[in-house]
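The values are calculated or read from the model by the stated rules, or taken from the named source; none is laboratory data. Remember, predicted model here, so these are calculated numbers, not experimental data. Backbone-built Cβ (ideal geometry, glycine too); neighbour counts: all protein chains shown.
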Amino acid sequence: MTDASLTPQSPPYLPRLKRYARALVGMLQQFRARPLTLLGAAIVALFLLLAIIGPHIAPYPYDAIIRGAARLPPSPQHPFGTDRLGRDVFSRVLWGAREIIAIPGLATGIAVFLGTCLGMFLGYIGGWVDEIISRVLDSLLSIPALLLALVMLGTIGPSPVGIVIVIVLLYIPIVTRVIRSATLNIRSSGYIEAARLRGEPVVYILFREILPGVLPALAVEGALRFSYAIFLTASLGFLGLGVQPPSPDWGRMVNEARESYARTPWALWFPAGAIAALVIGVNLLADGLRRIFRYEGQV
Amino acid sequence: MIQLPVIAANRLCIDYKLDKQWVNAINGVSLVINPFETHGLVGESGSGKSTLALALMRYMADNARIESGEVLFYGENLLLKSDSEMRRIWGRQMSLVPQDPLASLNPAYTIGEQIAEITRLHEGLSRPAARQRAVEMLERVRIADPEAVARKYPHQLSGGMQQRVNIAMALSTQPKLLVLDEPTTALDVTTEAVILDLFRSLIQENRGAALYVSHNLGVIAQMCDRVTVLYAGEVMACAPVDELYANPLHPYTISLLASIPRPLPGHETRLPTIPGVAPSLAERPRGCVFAPRCPVALQQCFDEKPPLEETGPGRLVKCHRWREIADGTLPVETPHEPPAAQWPALPGEAHVLNVEGLSKRYGSRTLFSRVAGDESRFVQAVDGVTMRVRARSTLGLVGESGSGKTTLARCIVGLETADEGRILLLDVMIPNMLRRRSRAFLRELQMVFQNPNDTLNPYQTVGQALERTIRRLKTEPLTPERIQARVIDLLAAVRLTPDYAGRYPAELSGGEKQRVAIARAFAANPALVVADEPTSALDVSVQAVILNLLKDLRAREGASYLVISHDLAAIAYLADWIAVMYLGQIVEEGSTEQVYSAPSHPYTEALLSAIPAPDPRIKQGNVRLEGEVPSAAHIPCGCRFHTRCPRKIGAICEQEEPPWREAGSGHRIRCHIPIEDLIVLQNSAP
């Protein structure tokens, strides 16, 4: 057997950082082996960068109307052209990146956090509490997203905060369901029962024993929700329920450009293309994460 | 006239693609199966036995390839055949009985349709004729009501019935070669015995050859004519079954046979073990593959691969030293530590655990059923169990699956809350509900779980898991250094080096995980450790290590065990006292010697009779239980066992609950048959 060397030679506790670093390297290698995932990650990274530095590198303010420059096609001066009022589309797309990432990002973050807590709790305790809350959440799932958004924003008035609230309300049931089912798979494991047998409090079991196990599901779900949230935010912007004029919103830019599409098609192409690129990028990333974690989510 | 062998593999090499790299799984294996022969293929997990068995049918996983060698089926090389030629051979000339009976049946078709499809395809039978043949086949595998079963879907049948259907399918075209890949591993021991009897007679009737793959040396001994022993993808030995078991020549075979716990009690001794673990596919030793674990390995064994030599008629062995072993000059003795010093038994009748009238039922406790007083939807898993565990001893709890033994254990540790009854730990009553139990009670009552793969959190190192348990259950404040020292101490107690503390469970083998789980259970010097099937997921050689370890720890820590198992042989080695459970009740209890010999409850008798002895000269007992454990939702009245009891004496068994009958010195049997009659009945049994 192994009892030949029972005296400690190497430190029994390897530095934790080293192990994390190794895990990270393994993950990066996984990324490298999947070019599409890498592409998705690159797109997301680019947009995140734009969200941060966009307003600083934009050649014009978002609401600047350049005199005599209305309806110009793309040129070195105006890479994305100008719209019918003479605003630089490139600058407006850059300025808009911040909102299209911040609003869905914040909303998704809140929804995923609350949904994870609730999902783990319901999945772990089970019983009638789980039964009742899960059924209520299931019934919320049946409400069409846009309908709820229109009703809510129509009532409280269009605002970024309103959009965040709508997305959070819409996504909590979905995230809860996914995390709950991931928790159910873990709940009957020997290590959870061992934790119960040493009298661990519920909070410890949820966050120290179960949470690491649902993290893969969480990462995939988070990325996926984020991409849907972007789409929803853009849709609401398109319907005029998002950030109000004149601040730039990709969805509303698409709507405004629609009316003069015959004469300034570029004013529609670029914001629409930006939305598409971002959503596709996030989706590629989510898909790659799912494969990397070998997680079969039920979405 | 020389008969062509049914199947002959010549120097077969099979590789697997793992992480873009080909690794060798089967290395130059030659194997001959003659007509009318049942050939056993035995090996531990990872030895490549399933790969080899399926490759003999030219049936390969997607990531596997046959690198070299040939497979001759009646002299024709299967590897040169096209897929469409193979499809005519598969199912018609060779067929497979798989390990998982349910997974190989299509859930969307009835049993009858599935069996009929085979003969329609291969023999061109018409629908009604094929249907008729299907019913006949079901009758041949002794299914009581074949017409009704043919109309059922797979999920409506029990595991034993599903496996009968699989064998009916496999035999419906009278194949020349029948491959049985661990066909009874998923079944209860009593069902296994019935299915083995069935296999034996059907293989004989079929007049073809069979390849029986198993890790269970008992089953192989009972079923096969010749046996091939596989280790790390190489043949270690091949011999007629009697010679292999009576006179093994290879050190691996010798060690493997020695490490099996025998059904007869032998507490004083320790099981000999095989040190180390089987080599992984990627890093196979250069010389003899078994050399690193071999007790008699020489330098030559590490340097040069021994040839597979013929040592006698039909006997092959791959060892440099077989001649010395054969003439008796080289005794192969596997490492054998003396048993650890036992704690002195406590005076008198001290009990660490008393369970009184414990009951647990499951069921849809809906508001409606409660108001209506509807009791029929309850499943009574444990029904008024009273039992005791003596201090510093081991109580073995045995029974088939569905007997309620796991539920009983979970109620005791508190993972399930008992509905009724009292649990006394060290003569103090403890709450049935886990949440109400104080830390002192938690400390004294710990558990080892069945599945080594989920017993440790994959995201925590071994050290973190042990530290947390120590910190939670400690009796006094401990400094971090003291806790680390205790972790190392615990690891040493389960024969693991301190560097295991930094490893994640994914880096451990199944046996090592189970050792860490045992260390965790002992982290706070518990009075009672409940172990639920602690070795049933492990290989024979690893099982021996764990059984020894459990025994040593009990001696060292002065703890008691409640061990649950369906394996009566393994439990005989561990337990001093046995309780036999059937349908939520204990039907017999007594010391291990008492329970394992006459008189015993007819149920115990059947369980013992079903054990396949790892010795071809000892025939399996002939008491068989027909049918399955009845559902706990519809418990038979009178004696619960009367529906299956081979010794039922009459209407009294169906009407009255049997009394407890004392058989002397604490041995009790719950049966209508008086003890004296049981002795006569069971001693006269052949």
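Key figures
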| item | result |
| --- | --- |
| Condition met for B:ILE111 (surrounded by 23 or more Cβ atoms within 10 Å (Cβ to Cβ), among the aliphatic types (A, V, I, L, M) and out of contact with any His (no Cβ under 9 Å at 6 or more places or on another chain)) | yes |
| Matching residues in the range A:206-244 - criterion: being within 14 Å of another protein chain (Cβ to nearest Cβ) and acidic (Asp, Glu) | A:GLU209 |
| Residue satisfying condition, being touching an Asp or Glu at 6+ places or on another chain (Cβ under 9 Å) and surrounded by fewer than 16 Cβ atoms within 10 Å (Cβ to Cβ), within set B:ARG422, B:ARG410, B:ARG439 | B:ARG422 |
| Single residue of the range B:573-625 satisfying the filter (assigned to a loop (DSSP other than H, G, I, E, B) and among the polar types (S, T, N, Q)) that is farthest from B:ASN247 (Cα to Cα) | B:SER600 |
| The listed residue being more than 8 Å from chain A (Cβ to nearest Cβ), farther than 26 Å from B:LEU397 by Cβ and charged (D, E, K, R), out of B:ASP552, B:ASP539, B:ASP489 | B:ASP489 |
| Some residue of the range B:370-377 being within 14 Å of chain A (Cβ to nearest Cβ), at pLDDT below 90 and either outside any loop (DSSP other than H, G, I, E, B) or surrounded by fewer than 22 Cβ atoms within 10 Å (Cβ to Cβ) (or both) | yes |
| Any hit, the range B:642-652, residues being touching a Gly at 6+ places or on another chain (Cβ under 8 Å), in a loop (DSSP other than H, G, I, E, B) and surrounded by 20 or more Cβ atoms within 10 Å (Cβ to Cβ) | yes |
| Matching option when the condition is more than 14 Å from chain B (Cβ to nearest Cβ) and in contact (Cβ under 8 Å) with a residue 40 or more places away in the chain, among A:PRO173, A:PRO144 | A:PRO173 |
| Test for B:ALA465: is it modelled with pLDDT of 90 or more, within 16 Å of A:ALA194 (Cβ to Cβ), assigned to a helix (DSSP H, G or I) and facing chain A (nearest Cβ under 10 Å) | yes |
| Test: residue in the range B:666-682 that is in contact with a Lys or Arg (Cβ under 8 Å, 6 or more places away or on another chain) and on the phi > 0 side of the Ramachandran plot | no |
| Filter pass, B:PRO636 being under 20 Å from the mean Cα position of the chain (by Cα), more than 25 Å from B:VAL563 (Cα to Cα) and part of a loop (DSSP other than H, G, I, E, B) | no |
